[in-house]
Amino acid sequence: MLKVHVPGDSVARAVGADQVVEALQREAERRNVQLDIRRTSSRGLYWLEPLLECDSEQGRQGFGPVTPQDVPGLLDAMIGAEADHRLALGAVEDMPYLKTQQRLLFARAGITRPLSLDDYRAHGGFAGLEAAVALDGAEVVAAVLDSGLRGRGGAAFPAGIKWRTVRDAKPAQKYVVCNADEGDSGTFADRMLMEGDPYLLIEGMIIAGLAVGADKGYIYVRSEYPDAIRTLDQAFVIARQAGYLGTNVAGSGKAFDLEVRVGAGAYICGEETALLESIEGKRGIVRAKPPLPALEGLFGLPTLVHNVLTLASVPIILAKGAPFYRDFGMGRSLGTMPFQLAGNVRHGGLVERAFGLTLRELVEDYGGGTASGRPLKAAQVGGPLGAWVPPSHFDTPLDYEAFAAVGAMLGHGGVVVADDTLNMASMARFALQFCAEESCGKCTPCRIGSTRGMEVVDRLIASDDITERHDHALLLRDLCDTMQYGSLCAMGGMTAYPVASALKYFPADFGLTQAEAAQ
């Protein structure tokens with residue numbers, strides 16, 4: 001029997017993966033050929049989707065991107081009737097794009113079926129939970145601290161310190177909350193993981209719950225991810241039946257269960273306190289800190305809040321040990337990061353590497369440069385409120401501290417590539433408009449500053465007077481400072497990044513000379 005693997009990932013399905021499967025079934029039935037078609041997760045090589053893989057003695061052989069019309073010829077190639085095929089990629093594991101990656105979080109990507117517990121366990125799943133059950137909660141917290149794991153978001157706060165704070169809090173009732181409100185442009189790692197490897201996130205949340213003393217967890221998923229929501233709900237049922245969720249988790253004698261809460265798509269609910277408000281059924285408005293959520297979070301009780309990639313890193317740390325995880329990365333940025341390439345790029349997709357590779361390696365070596373073939377102008381790193389990084393800084397290592405030193409941030413690892421046709425003044429205005437529309441409205445710098453910022457950019461672009469342009473540029477920089485340092489949360493604070501970087505590195509797009517922009 002011929003075993004064929006086709007991704008069930010929503011991106012693969014959006015470009016015709018379901019139709020390819022239907023064509024395979026029809027053609028196999030017509031030829032009386034037995035096919036075992038398995039719907040797997042995606043490898044993250046999105047420019048090749050739908051990517052079809054076929055088992056062979058030399059490993060999985062890839063073909064892509066495949067259309068239903070290609071199926072007859074592909075079947076010939078797969079059963080050996082045709083020596084070569086124009087869509088043949090060779091052994092998928094040997095493709096340079098994949099072979100040079102260091103996949104820890106996405107080690108099972110494209111290999112396993114998302115809801116198969118057998119597949120998950122056969123590829124190392126639940127080894128971390130088994131190790132955690134054999135330890136005291138304090139020992140699990142110590143392992144996370146020792147690993148150097150930091151939150152895979154804007155602040156990059158040491159995860160172990162959060163865990164210790166929640167564990168040491170006095171109230172008996174505690175919660176674990178996963179922030180899966182992945183709203184940054186060009187990011188898709190959370191969605192890929194929830195759709196393709198849901199048990200990894202579940203395992204990470206169980207370990208966190210056992211370690212800090214929580215018996216309940218929530219995964220907050222944006223409504224735009226229906227496939228992820230459906231997959232998680234199904235995975236919960238299977239995990240409960242297998243004894244991984246419920247009153248006696250993995251034979252530990254401790255309880256932990258999970259529930260999905262669906263957000264309505266408000267960007268501000270990616271901020272942890274606004275997210276907690278939303279879970280409680282309230283309007284998503286940012287809370288003042290202190291108190292921190294680790295002490296007074298969901299329903300006023302101690303709450304451990306992390307995003308998907310942070311929690312999904314935990315099983316690896318427990319299964320392989322903190323020193324193993326710590327061996328990846330550089331400086332204080334340890335472990336691996338799934339970088340997501342999008343925008344005007346030839347080879348868009350997911351690249352998981354240890355911290356320390358450069359932005360140039362990511363964009364040019366993995367991404368292949370711009371899809372248009374035109375010169376690179378910049379890459380926006382860290383979402384719609386991330387800085388625009390010019391090619392002169394492309395040799396900066398992808399490391400939290402190194403990026404902070406050049407006025408940028410890694411955020412969730414999204415990288416949106418642009419060629420020389422993009423106007424940066426319009427992108428600066430868009431960032432301010434985005435902030436104005438998505439702000440919760442609680443603080444003045446964000447609520448008022450974003451609207452005034454749009455007006456200043458409009459006046460700056462429209463002005464023909466040198467003195468006026470200089471004054472507008474100075475006002476815009478001052479406004480960015482006010483928003484960055486005066487806003488209640490990162491929504492207003494980070495809006496300064498794309499605006500200030502666009503003004504600094506691309507003054508001509510604002511009608512300014514380099515000297516005028518620098519004054």
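Of the candidates VAL21, VAL33, VAL6, the single residue that is at pLDDT below 95 and under 23 Å from ALA91 (Cβ atoms) is VAL33.
One residue stands out in region 446-478 among those that are open to solvent by less than 30 Å² (accessible area, probe 1.4 Å) and over 18 Å from LYS504 (Cα atoms): the one that is modelled with the lowest pLDDT, namely SER463. Out of GLY356, GLY367, one residue alone is touching a residue at least 12 places away in the same chain (Cβ under 8 Å) and over 18 Å from GLY411 (Cα atoms). It is GLY367. Checking the structure you have, find out if any residue of region 376-398 is in a loop (DSSP other than H, G, I, E, B), in contact (Cβ under 8 Å) with a residue 12 or more places away in the chain, open to solvent by 10 Å² or more (accessible area, probe 1.4 Å) and among the hydrophobic types (A, V, I, L, M, F, W, C). Checked region 376-398: no residue is in a loop (DSSP other than H, G, I, E, B), in contact (Cβ under 8 Å) with a residue 12 or more places away in the chain, open to solvent by 10 Å² or more (accessible area, probe 1.4 Å) and among the hydrophobic types (A, V, I, L, M, F, W, C).
Exactly one residue out of LEU474, LEU460 is over 27 Å from ALA342 (Cα atoms) and touching a Lys or Arg at 6+ places or on another chain (Cβ under 8 Å): that is LEU460. Among the residues of region 245-263, is any open to solvent by 30 Å² or more (accessible area, probe 1.4 Å), part of a helix (DSSP H, G or I) and free of Cβ contacts under 8 Å to residues at least 24 places away in the same chain? Checked against the condition, which is being open to solvent by 30 Å² or more (accessible area, probe 1.4 Å), part of a helix (DSSP H, G or I) and free of Cβ contacts under 8 Å to residues at least 24 places away in the same chain, region 245-263 yields no hits at all. Screening ARG43, ARG30 for residues that are surrounded by fewer than 17 Cβ atoms within 10 Å (Cβ to Cβ) and not in a strand (DSSP E or B) leaves exactly one candidate, ARG30.
In region 215-244, of all residues being within 25 Å of the chain's Cα centre (by Cα) and assigned to a loop (DSSP other than H, G, I, E, B), the one that is surrounded by the most Cβ atoms within 10 Å (Cβ to Cβ) corresponds to TYR225. On the stretch given as region 152-167, residues that are surrounded by fewer than 19 Cβ atoms within 10 Å (Cβ to Cβ) and touching a Pro at 6+ places or on another chain (Cβ under 9 Å) total 1. Evaluating ARG346 against the criteria (1) farther than 30 Å from LEU135 by Cα; (2) touching a Pro at 6+ places or on another chain (Cβ under 9 Å); (3) at pLDDT 95 or above leaves one unmet condition, (2). One residue alone among LEU362, LEU341, LEU350 is open to solvent by less than 20 Å² (accessible area, probe 1.4 Å) and not in a strand (DSSP E or B), and that residue is LEU362.
For GLU93, the test of being of a type in the set (Asp, Glu), closer than 30 Å to PHE126 by Cβ, in contact (Cβ under 8 Å) with a residue 24 or more places away in the chain and crowded, with 16+ Cβ neighbours inside 10 Å is failed. Taking the listed residues ALA134, ALA77, the one that is open to solvent by 50 Å² or more (accessible area, probe 1.4 Å), more than 29 Å from the chain's Cα centre (by Cα) and either within 19 Å of ILE207 (Cα to Cα) or not polar (S, T, N, Q) (or both) is ALA134, with no other qualifying. If you check ASP420, ASP399 for being of a type outside the set (Val, Ile, Thr), on the phi < 0 side of the Ramachandran plot and over 19 Å from the mean Cα position of the chain (by Cα), only one passes: ASP420.
When the criteria are applied in full, TYR97 meets the requirement of being in contact with a His (Cβ under 9 Å, 6 or more places away or on another chain) and among the aromatic types (Phe, Trp, Tyr). Among the residues of region 488-508, just one is aromatic (Phe, Trp, Tyr) and crowded, with 23+ Cβ neighbours inside 10 Å, namely TYR497. Mind checking which residues of region 136-167 are charged (D, E, K, R) and either outside any loop (DSSP other than H, G, I, E, B) or in contact (Cβ under 8 Å) with a residue 12 or more places away in the chain (or both)? The answer is GLU139, ASP146, ARG150, ARG152, LYS162, ARG164, ARG167.
Pick from region 168-214 the residues that are under 30 Å from PHE430 (Cβ atoms), small (Gly, Ala, Ser) and outside any helix (DSSP H, G or I): which of them is most open to solvent (accessible area, probe 1.4 Å)? So, considering only residues that are under 30 Å from PHE430 (Cβ atoms), small (Gly, Ala, Ser) and outside any helix (DSSP H, G or I), the one most open to solvent (accessible area, probe 1.4 Å) is SER185. No other residue among ALA239, ALA208, ALA214, ALA250 is touching a Lys or Arg at 6+ places or on another chain (Cβ under 7 Å), of a type in the set (A, V, I, L, M, F, W, C) and over 30 Å from ASN344 (Cα atoms) apart from ALA214. Yes or no: region 399-409 includes at least one residue that is touching a helix residue (DSSP H, G or I) at 6+ places or on another chain (Cβ under 6 Å) and buried (at least 24 other Cβ atoms within 10 Å of the Cβ). No, every residue in region 399-409 fails to be touching a helix residue (DSSP H, G or I) at 6+ places or on another chain (Cβ under 6 Å) and buried (at least 24 other Cβ atoms within 10 Å of the Cβ).
The values are calculated or read from the model by the stated rules, or taken from the named source; none is laboratory data. It should be emphasised that the depicted structure is a prediction, and the values quoted were computed from it without experimental measurement. In this analysis, Cβ positions are derived from the backbone assuming ideal geometry, glycine residues included, and neighbour counts consider all displayed protein chains. To get the accessible areas, we keep the full protein, side chains included, count just its heavy atoms, and leave off ligands, DNA and RNA. Shrake-Rupley method; radii C 1.70, N 1.55, O 1.52, S 1.80 Å.
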